[in-house]
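Peer 1: Below you will find the structure I want to go over with you.
Only the coordinates and a few stated rules stand behind these numbers; no lab work does. Given the structure is predicted, the values throughout are model-derived calculations rather than measurements. FYI the Cβ positions are ideal-geometry reconstructions off the backbone, even for glycines, and counts take in every protein chain you see.
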Amino acid sequence: MSELAKLRWRCRRGTLELDIMLINYLEYGYLAAGDDEKKSFLALLNLEDSLLLPLLMGDCEPAPGMQAELVAKIRDLMQGSR
C-alpha cells in the first residue's frame with residue numbers, strides 16, 4: 001500500500017465532516033506541503049475525533065504551537081471548496 005493510500009485511510013474518521021476536511025487537505029494541500037507541515041498533519045491525525053472536529057470546525061482555536069497555520073489552511077480549503 002502506498003504512503004498516500006495509508007494517509008487516505010487514516011483520514012477516514014468517525015464523522016463525515018472530518019472525512020471531507022482531512023481528505024480535501026490530503027488531495028489539495030498535503031502533496032505541495034513542506035516537511036514540517038506534513039509532520040504537523042500527521043500529528044493532527046493522531047488526535048481523537050472529539051478534539052479534532054471542534055478544532056477544524058472553528059469551535060476552538062489551536063493551543064500555541066499546535067499546528068495553527070495548518071488548521072487555518074485546512075479551514076480555508078474547506079471554505080474554498082463550497
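Peer 1: If the requirement is being surrounded by 15 or more Cβ atoms within 10 Å (Cβ to Cβ) and in contact with a Phe, Trp or Tyr (Cβ under 8 Å, 6 or more places away or on another chain), which of these qualifies: Leu70, Leu56, Leu52? Don't jump to the end; show me each part of the working.
Peer 2: Numbers: Leu56 fails: in contact with a Phe, Trp or Tyr (Cβ under 8 Å, 6 or more places away or on another chain); Leu52 fails: in contact with a Phe, Trp or Tyr (Cβ under 8 Å, 6 or more places away or on another chain).
Only one candidate passes the filter, namely Leu70.
Peer 1: Taking only region 1-15 into account, find how many residues are closer than 23 Å to Gln79 by Cβ and not in a loop (DSSP other than H, G, I, E, B).
Peer 2: So the count comes out to 3.
Peer 1: A further question follows. Find the residue count for region 29-82, including only residues that are touching a residue at least 40 places away in the same chain (Cβ under 8 Å) and either acidic (Asp, Glu) or closer than 16 Å to Glu3 by Cα (or both).
Peer 2: 1
Peer 1: Additional query: When you check Leu18 against the structure, is it free of Cβ contacts under 8 Å to residues at least 40 places away in the same chain, part of a helix (DSSP H, G or I), of a type in the set (A, V, I, L, M) and surrounded by fewer than 13 Cβ atoms within 10 Å (Cβ to Cβ), yes or no? Outline the logic, then answer.
Peer 2: On the way: free of Cβ contacts under 8 Å to residues at least 40 places away in the same chain: yes; part of a helix (DSSP H, G or I): yes; of a type in the set (A, V, I, L, M): yes; surrounded by fewer than 13 Cβ atoms within 10 Å (Cβ to Cβ): no.
No, not satisfied.
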